[in-house]
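Chemist: Below is the structure I would like to discuss, written out as structure tokens.
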Amino acid sequence: MVEKGGIIQLKNIDVTFHNEGKTIEAVKNVSINVNKGDIFGVIGYSGAGKSTLVRVINLLQKPTSGEVIVNDKNLTKLSVKDLRKERKNIGMIFQHFNLMRSLTVFGNIDFPLRDSKLSKQERKEKVNKLLSLVGLEDRANNYPSQLSGGQKQRVAIARALASDPEILISDEATSALDPKTTTEILNLLGRLNKELGITIVIITHEMDAIKQICNRVAVMEDGKLIEEGDLLTIFGSPKKKLTKDFVDTSTQISSVLDEIKESGIVKSLSGRLVELNYIGNVTNEPLVVELYKKFNVEANILFSNIERLQSTTVGIMLFALTGDDDKVSAAIEYLNSLNVNVKEIDITESEED
Ligand SMILES: Nc1ncnc2c1ncn2[C@@H]1O[C@H](COP(=O)(O)OP(=O)(O)O)[C@@H](O)[C@H]1O
Ligand SMILES: [Mg+2]
């Protein structure tokens with residue numbers, strides 16, 4: 001008996017490779033639960049084990065140990081025939097599109113339908129429907145070489161959807177695309193999630209991609225899953241250093257911090273530098289006034305980044321606080337008591353943790 005859980009449940013997955021006498025533990029005791037309708041992001045640097053982990057979801061990669069449960073079926077226990085059937089329920093797209101060069105756009109999307117029970121006419125209708133779903137109606141007779149990267153990825157998406165999967169896995173599918181095209185493809189994935197109810201697992205090394213469409217995030221480092229949570233929590237209060245690095249890169253606060261430290265501006269104000277993170281509505285203006293009124297502390301906003309994630313405001317600010325030292329400490333304590341995450345930053349060090 002398999003207990004009821006998410007549409008994808010990976011339990012204590014280990015993947016170990018033995019290569020030319022070397023042992024590589026690519027995935028170490030990773031468990032994840034993806035709920036139906038999630039857009040689940042897996043982020044990590046190259047080599048973290050992301051691709052290996054998601055290949056386990058459809059058993060393209062057999063885990064060394066652990067359980068793979070998809071749609072309440074334990075895939076490791078299925079016969080070859082049943083596994084083949086279950087795999088049709090999981091579509092995949094990749095960074096390099098993996099289209100067949102000798103086939104037209106139509107031919108590529110039709111390819112997975114060859115061994116289906118559909119008639120030729122039904123297949124044609126299906127492909128045309130998929131073409132219009134991804135916005136490529138007028139490209140049916142083109143070859144992949146005649147398409148832009150974004151268009152190729154649309155073809156790959158249409159092909160992945162041909163078998164009506166409930167799950168779509170995207171392994172760095174936007175990593176070879178420019179930012180504008182990346183946004184278009186992510187928007188398309190978001191639309192497919194909403195309109196078709198398809199569950200999506202997105203692998204990426206870019207927090208910006210995660211930020212745009214994911215509702216849940218897992219962070220991988222060195223084969224391990226080091227942090228997991230809903231997007232707002234991961235973004236608003238990352239716990240692990242690596243998670244914070246990813247968030248900081250996307251808010252650009254890290255480069256701003258370097259500039260601030262180099263410029264000596266905080267010192268010239270003879271102030272102390274604090275970083276504020278908040279979720280929800282905390283507006284900076286009243287805060288500045290309040291700190292002055294309550295503590296006689298002057299707050300200079302050196303940086304502010306406010307974004308809307310899943311219809312919620314997530315903000316990050318850098319304040320230089322100037323005033324009597326004990327008053328500044330009291331002001332920091334006060335900020336801490338609000339719904340704000342406060343961290344004082346040492347301006348003398350160039351590398352902080
Ligand atoms: N088939 C394989 N044989 C041996 N080592 C592998 C194989 N596939 C992946 N690895 C190794 O496993 C680790 C994780 O790789 P991968 O899952 O591709 O990471 P990511 O997708 O996060 O970049 C890397 O050290 C990689 O070299
Ligand atoms: Mg990879």
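Chemist: Rounded to the nearest 10 Å², what accessible area does residue 184 have for a 1.4 Å probe in the complete protein model?
Modeler: Result for residue 184: roughly 70 Å² accessible.
Chemist: Residue by residue through the range 231-238, what is 3J(HN,Hα) from phi via Karplus (6.51 cos²θ - 1.76 cosθ + 1.60, θ = phi - 60°)? Round to whole Hz and write x for glycine and proline.
Modeler: Using θ = phi - 60°, the values come out as 3, 4, 5, 4, 6, x, 9, x Hz.
Chemist: Would you calculate a helix-derived [θ] at 222 nm for the chain, using -39,500 (n - 2.57) for each DSSP H run of n ≥ 4 and dividing by the full residue count, to the nearest 500? Intermediate values should be presented prior to the final figure.
Modeler: Numbers: 13 runs with 131 residues, N = 353.
About -11000 deg cm²/dmol.
Chemist: Just the number please: accessible area per residue for the chain, 1.4 Å probe, all protein chains included, in Å². Intermediate results must be reported in sequence, preceding the final value.
Modeler: Numbers: 17650 Å² over 353 residues.
Here the per-residue accessible area is 50 Å².
Chemist: Can you give me the solvent accessible area of residue 100 with a 1.4 Å probe, rounded to the nearest 10 Å²?
Modeler: Accessible area, nearest 10 Å²: 60 Å².
Chemist: Compute the relative contact order of the chain as a whole-number percentage, counting only Cα pairs closer than 8 Å that sit 6 or more residues apart in sequence. Could the numbers behind the result be given before it?
Modeler: On the way: 621 pairs, mean separation 57.6, N = 353.
Here the relative contact order equals 16 percent.
Chemist: Taking the Cα centre of the range 82-130 as the origin, how large is its charge dipole in debye, to the nearest 20, when only Lys and Arg (+1) and Asp and Glu (-1) carry charge on their Cβ atoms? Write down the numbers at each step before the final one.
Modeler: Numbers: 12 positive and 6 negative charges, 21 e Å.
Using only the charged Cβ atoms, the result is roughly 100 debye.
Chemist: Additional query: According to a simple spin-label model (label point 7 Å from Cα along Cα-to-Cβ), what is the distance in nm between residue 29 and residue 84?
Modeler: That separation, rounded to one decimal, is 3.8 nm.
Chemist: Label the range 249-340 by shape, choosing from rounded, prolate and oblate, from the square roots a ≥ b ≥ c of the eigenvalues of the Cα gyration tensor; if a/c is under 1.5 it is rounded, and otherwise prolate applies when a/b is larger than b/c, oblate when it is not. Could the numbers behind the result be given before it?
Modeler: Values: a/c = 2.42, a/b = 1.18, b/c = 2.04.
Because a/c hits 1.5 or more and a/b fails to exceed b/c, the range 249-340 counts as oblate.
Chemist: Also: With every protein chain present, what accessible area does residue 247 have (1.4 Å probe, heavy atoms only), rounded to the nearest 10 Å²?
Modeler: 10 Å²
Chemist: Quick query: amide H of residue 345 versus all other amide H atoms, modeled in the peptide plane; which residues come in under 5 Å with a sequence gap of 5 or more or a different chain?
Modeler: Those qualifying (amide H under 5 Å, at least 5 residues apart or on another chain) are 273, 274, 275.
Chemist: Same structure, new question: Can you pull out the chymotrypsin sites (Phe, Trp or Tyr not before Pro) in the range 28-117 that DSSP calls coil and that have at most 15 other Cβ atoms within 10 Å?
Modeler: Numbers: sites: 40, 45, 94, 97, 106; in loops: 45, 97.
Answer in residue order: 45.
Chemist: For the chain, build the charge dipole from Cβ charges (+1 Lys, Arg; -1 Asp, Glu) around the Cα centre, then report which of 76, 148, 199 sits farthest towards its positive end.
Modeler: 76
Chemist: Right, another one. Rounded to the nearest 0.05, what FRET efficiency do residue 163 and residue 16 give with R0 = 45 Å and r taken as the Cβ-Cβ distance? Could you check? Walk me through the intermediate numbers first.
Modeler: Numbers: r = 31 Å, r/R0 = 0.69.
The pair residue 163/residue 16 has a calculated efficiency of 0.90.
Chemist: Separate question: First check a/c for the range 1-115, with a ≥ b ≥ c the square roots of the eigenvalues of its C-alpha gyration tensor; if it is under 1.5, answer rounded, and if not, answer prolate when a/b is larger than b/c or oblate otherwise.
Modeler: Taking the square roots of the gyration eigenvalues as a ≥ b ≥ c, the range 1-115 is oblate.
Chemist: Rounded to a whole number, what % of the accessible area of the chain do carbon and sulfur atoms account for, probe 1.4 Å? Walk me through the numbers before you get to the answer.
Modeler: Details: 8370 of 17650 Å².
Summing carbon and sulfur atoms, their accessible area is 47 percent of the total for the chain.
Chemist: What FRET efficiency comes out for the pair residue 237/residue 180, r = Cβ-Cβ distance, R0 = 22 Å, nearest 0.05? Walk me through the numbers before you get to the answer.
Modeler: Numbers: r = 31 Å, r/R0 = 1.39.
According to the calculation, E is roughly 0.10.
Chemist: Follow-up question, since we're still on this one. Considering only protein heavy atoms, with the full assembly of protein chains and a 1.4 angstrom probe, order 120, 180 by accessible area, largest first. Walk me through the intermediate numbers first.
Modeler: Numbers: 120 165, 180 145 Å².
If we order 120, 180 from most to least accessible, we get 120, 180.
The values are calculated or read from the model by the stated rules, or taken from the named source; none is laboratory data. In this text the structure is predicted, and so the values were computed from the model without any measurement. Cβ sites come from the backbone with ideal geometry, for glycine too, and all protein chains shown count toward neighbours. These accessible areas exclude ligands, DNA and RNA; they are computed on the full protein's heavy atoms, side chains included. Shrake-Rupley method; radii C 1.70, N 1.55, O 1.52, S 1.80 Å.
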